[in-house]
1. Among all residue pairs at least 6 apart or on different chains, which show Cβ distances below 7 Å where the first residue, located in the stretch 155-173, is of a type in the set (G, A, S) and within 14 Å of ligand 1 (Cβ to nearest atom) and the second is modelled with pLDDT of 95 or more and assigned to a loop (DSSP other than H, G, I, E, B)?
2. Can you give me the ranges of the helices (runs of 4 or more DSSP H) entirely in the stretch 1-103 with at least 1 residues that are within 16 Å of ligand 2 (Cβ to nearest atom)?
3. Right, D194: touching a helix residue (DSSP H, G or I) at 6+ places or on another chain (Cβ under 6 Å), surrounded by fewer than 16 Cβ atoms within 10 Å (Cβ to Cβ) and touching a residue at least 12 places away in the same chain (Cβ under 8 Å) or not?
4. Do you know which residues across the stretch 121-137 are more than 30 Å from E80 (Cβ to Cβ) and crowded, with 22+ Cβ neighbours inside 10 Å?
5. Going by the conditions given, is K172 in contact with an Asp or Glu (Cβ under 9 Å, 6 or more places away or on another chain) and not small (G, A, S)?
6. Counting only residues that are basic (K, R) and either touching a His at 6+ places or on another chain (Cβ under 9 Å) or surrounded by 19 or more Cβ atoms within 10 Å (Cβ to Cβ) (or both), how many does the stretch 262-299 have?
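The values are calculated or read from the model by the stated rules, or taken from the named source; none is laboratory data. These numbers were taken from a predicted model, which means no experiment stands behind them. Cβ placement follows ideal geometry from the backbone for every residue including glycine, while neighbour counts extend to all protein chains displayed.
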Amino acid sequence: MPKAELHLHLEGTLEPELKLLLSKENQVVLEQKTVAEIKKSYQFDSLTSFLQVYYSGMSVLQKEEDFYRLALDYLKKAKEHNVRYVELFFDPQAHTTRGVAFDTVIKGYARAVSDSQALFGIESALVMCFLRDLSAESAEETLTAALPYKELILGVGLDSDERDNPPIKFKKVFKKAQEIGWHTTMHCDIDQEDSIEHIEQALLDIGVERIDHGTNIVENPRLVEYIKEKGIGLTCCPVSNSFVVEDMKGKEMLKLLQEGVKVTLNSDDPAYFQSYISDDFVALSQKYPLAPKEIAQLAKNSFEIAWISDERKAQYF
Ligand code: ES4
Ligand code: ZN
């Protein structure tokens with residue numbers, strides 16, 4: 001099947017081999033000295049333990065070329081999985097807070113985006129995520145830094161640790177993003193205590209066009225009806241979920257899919273969870289009774305809720 005990925009963190013595609021290589025090239029000291037040791041460190045039982053490894057691993061990314069290479073390596077793999085279109089999340093603050101210029105990050109990534117069509121036949125775009133455990137002011141500074149590159153960015157998202165960092169904290173910066181003409185989405189994680197409240201804020205106070213994860217919405221029929229009416233989709237990541245809470249949330253995904261919600265399947269951080277998009281389809285269908293029609297619907301939904309024109313959607317699927 002042709003596939004689209006709408007929930008893919010570029011920094012989550014850092015494979016142990018590239019991490020080790022860049023650590024040597026850039027003389028960044030890593031705790032782990034071999035690929036095997038890095039692989040072993042990719043073991044998580046919570047979002048906190050994952051995020052710790054995820055952020056510390058990024059220290060090897062220093063030069064524009066490193067960001068280019070990271071993105072290009074991912075796109076090459078994506079082609080093998082018959083991915084035709086991908087919206088790439090990236091976390092500028094994870095780099096600017098350790099002294100790497102915004103300019104370096106976006107130039108490297110944007111060059112990979114512009115090469116992806118010619119090299120792999122994949123259309124791609126960048127979605128800039130704010131780190132929700134940093135301040136709203138820091139998010140606004142990031143938005144300001146991004147303004148000269150406005151045309152290189154398709155939308156904005158919100159990720160990292162959701163606890164005590166509700167959507168409403170970022171109302172102002174998301175309003176600015178919408179005024180610029182950027183699309184908007186937000187993570188509403190599955191392990192969140194105030195999940196429904198956060199989903200409601202994201203939908204009603206911020207006015208997001210999609211929700212990343214968001215399967216907890218199943219607990220609230222009124223909100224399910226709302227997203228169905230508006231065609232607002234969910235970008236779910238079952239394998240990623242299974243690392244964070246030992247539950248793919250496949251039951252919830254299926255229920256929502258069968259109710260007509262635009263549920264999609266995505267890989268999130270494929271290098272860390274050792275699962276690229278086709279693996280995610282296999283993992284989900286091995287664990288849950290998905291009909292072939294439902295598998296196809298998941299793939300089709302990704303094109304339907306992608307931030308591309310209706311003409312493009314029809315060409316893809
Ligand atoms: C993430 Cl799994 C997950 N959750 C929240 N933020 C993230 N950034 C990258 N992966
Ligand atoms: Zn994510």
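1. Cβ pairs passing all conditions: S160/R132; S160/D133.
2. On the way: elements: 16-25, 35-41, 47-57, 64-80, 93-96.
Those helices (runs of 4 or more DSSP H) span 47-57, 64-80, 93-96.
3. Values: touching a helix residue (DSSP H, G or I) at 6+ places or on another chain (Cβ under 6 Å): no; surrounded by fewer than 16 Cβ atoms within 10 Å (Cβ to Cβ): yes; touching a residue at least 12 places away in the same chain (Cβ under 8 Å): yes.
Considered against the rule, which asks whether it is touching a helix residue (DSSP H, G or I) at 6+ places or on another chain (Cβ under 6 Å), surrounded by fewer than 16 Cβ atoms within 10 Å (Cβ to Cβ) and touching a residue at least 12 places away in the same chain (Cβ under 8 Å), D194 comes out as no.
4. F130, R132
5. Taking the combined requirement at face value, the residue satisfies it.
6. 1
Table: residues versus (1) over 24 Å from the mean Cα position of the chain (by Cα); (2) touching a residue at least 24 places away in the same chain (Cβ under 8 Å); (3) farther than 22 Å from L131 by Cα.
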| residue | (1), (2), (3) |
| --- | --- |
| H7 | no, yes, no |
| T13 | no, yes, no |
| S23 | yes, yes, yes |
| Q27 | yes, no, yes |
| Q32 | yes, no, yes |
| Y42 | no, yes, no |
| T48 | no, yes, no |
